[in-house]
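J.: Got a structure for you, questions after.
Every number in this text was worked out from the coordinates using simple rules, so none of it is lab data. Since this is a predicted model, take the numbers as computed values, not measurements. Note that we place each Cβ from the backbone using ideal geometry, even for glycine, and neighbour counts take in every protein chain shown.
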Amino acid sequence: MFKSIYFLLFLSLFFVLSSCEHIDEEVSDSVSKKDQIIENEQTKDQKEYKLDSKSITPKSKTGFYPSFADLVDAQKQSVVNISTTSIVRNRSPFRSSPFGEDDPFEEFFKRFFGDAPQKEFKRQGLGSGFIISNDGFIVTNNHVIDRATDIQVLLEDGSKYKAEIIGKDPKTDLAVLKIKPEKELVAVTIGNSDNLRIGDWVVAIGNPFGLGYTVTAGIVSAKGRSLGFGAYDDFIQTDASLNPGNSGGPLFNVDGEVVGVNTAIAARGQGIGFSIPINMATHIISQLKDQGKVVRGWLGVVIQSLTPEILESMGLDDIKGALIADVSPNSPADKAGLKRGDIVTEFNGNKIDEFSDLTKLVGVVPPGSTSELKVIRDGKTINVKVTLGELEDEQVKVSPNTFEDTSGLVVRDIDQNISDRFNLDVESGVIIINVKRGGSAWETGFRSGDVILKIDKTDINNINDYNNYIEKATPGKLALFLIKRGKNTRYLGFRIEKG
């Protein structure tokens, strides 16, 4: 009987063990399949986001975070530290002024201490630069060496040289220096800043606070930034840390190519720096190196941006381009037949996305060459050929503008008293003698002294022309006003309201 019981227990134990083994196999198969699914999903994600060994170069031993050590070792010998000495003059009775030649207290001291002789003080400055030829040509920022009486360049191997200024361009804040090295130098490789994408890694090497050969890294945060410095603003924004002393230094891509010239920092921000795209800088650098100055093409127009209000008043859909607010007499644009109200959408095949693009494109074309513009006039597209002139310093004009609904204008005819008061050089039109501050007309950009020359396509020669147009206009109608302010004209989108 006991044998029978032991036999039954053995059979039960056998079946239990067999079942457990089967369950283990199922669990093992399930885990294996789950791992395979996860692996497949990871592979899918890596393919989708390109998180493979080729997406970030070089790949570090710890993962996909990059190491720039090889890049720095190869490029640091092409980066230089720059120190300058300049002479500051002021009449302050104190030893020196932190404001230098632009001391705001100069007039105060002159009034109370008389026309005392100016005292001279030496000021030290720091910056960075990079070698562009093996015989000693160096690129930096204009503001690093401007007004400097002595410029010293320190190479990575510790050798120091006195530098001379070959050429400088305040408009783009670029300068070219020359040293006489005892040996052949290693020049940087110039890259293509147009190929940069937001999110790409970049590396800066420079001389922040005099701490020579400091390396910082980050990504391209934005492109095409305007900082209000002038008509040629077109900066690369990066979070690679830049500080005073980095100015003029190179911004490298991960291939060790220079893609920008570090130029500015955000005074109120941390970790926000700006660099001149190398594609724009190359044209300037080449002229400075060969000619010592920059010669730019000149079209001879005042331009402004297109707003929804202006487009609506012109009966146009959402298009991009530069609106011509004025044409200089006897300029290349005038001779080619360009007119106020023309919209330039392309220049030599390059599309005008922002109105400032036109200034930049014209500036890199040699004077005397012929360019082709695609223009919208009265709703129709035409092609215009222009032979560019040479730009003078005072000829870069961009018309600032703001546009809102408008009301609250007080206008009157132009007489001799008004003409003398506002120093006008026009014989017809109506002048705005008052704009209600804070009203929609003020917010639009109208100011006292503006002369209204035209509304839509109607010439406004006097107050009767103005009143007739306003009376006939449908309330709320968006009209295009051409005004003259000083020597320039501009357009304003103006929604007519009747009181």
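J.: Between Ile460 and residues 5 or more places away or on another chain, which pairs have amide H atoms under 5 Å apart, with H built 1.01 Å from N, and which residues are they?
T.: Lys454, Ile455
J.: For Ser275, Ser419, Ser313, which order do you get if you count the other beta carbons within 10 Å of each Cβ and list the fewest first? Could you put the intermediate results ahead of the total?
T.: On the way: Ser275 28, Ser419 15, Ser313 22.
Ascending number of Cβ neighbours within 10 Å: Ser419, Ser313, Ser275.
J.: Show me the three semi-axes of the equivalent ellipsoid for the range 409-495, from the C-alpha gyration tensor (sqrt of 5 times each eigenvalue), largest first, rounded to whole Å. It would help to have the intermediate numbers written out before the result.
T.: On the way: eigenvalues 75, 45, 28 Å².
Equivalent ellipsoid of the range 409-495: 19, 15, 12 Å, largest first.
J.: Among the listed pairs Lys223/Lys457; Lys223/Lys454; Lys122/Lys178; Lys335/Lys360; Lys335/Lys484, give every one whose C-alpha distance is greater than 28 Å. The partial results should precede the final answer.
T.: On the way: Lys223/Lys457 38 Å; Lys223/Lys454 38 Å; Lys122/Lys178 23 Å; Lys335/Lys360 21 Å; Lys335/Lys484 22 Å.
Correct reply: Lys223/Lys457; Lys223/Lys454.
J.: Going by C-beta contacts inside 10 Å, put Thr381, Thr140 in order with the fewest on the left.
T.: Working: Thr381 11, Thr140 30.
By the 10 Å Cβ count, ascending: Thr381, Thr140.
J.: OK, next. Note the per residue figure in Å³ for the convex hull of the C-alpha positions in the range 297-395. If you can, show how the numbers build up before the last one.
T.: Details: hull volume 8.7 nm³, N = 99.
Taking only Cα atoms, the range 297-395 has a hull volume of 88 Å³ per residue.
J.: Could you work out the mean projected area of the convex hull around the alpha carbons of the range 189-291, in square nanometres to one decimal?
T.: Details: hull surface 26.7 nm².
In nm², the orientation-averaged hull projection of the range 189-291 is 6.7.
J.: Additional query: How do Trp442, Trp298 line up, fewest other C-beta atoms within 10 Å first? Write down the numbers at each step before the final one.
T.: Values: Trp442 18, Trp298 21.
Final ranking by Cβ density, sparse to dense: Trp442, Trp298.
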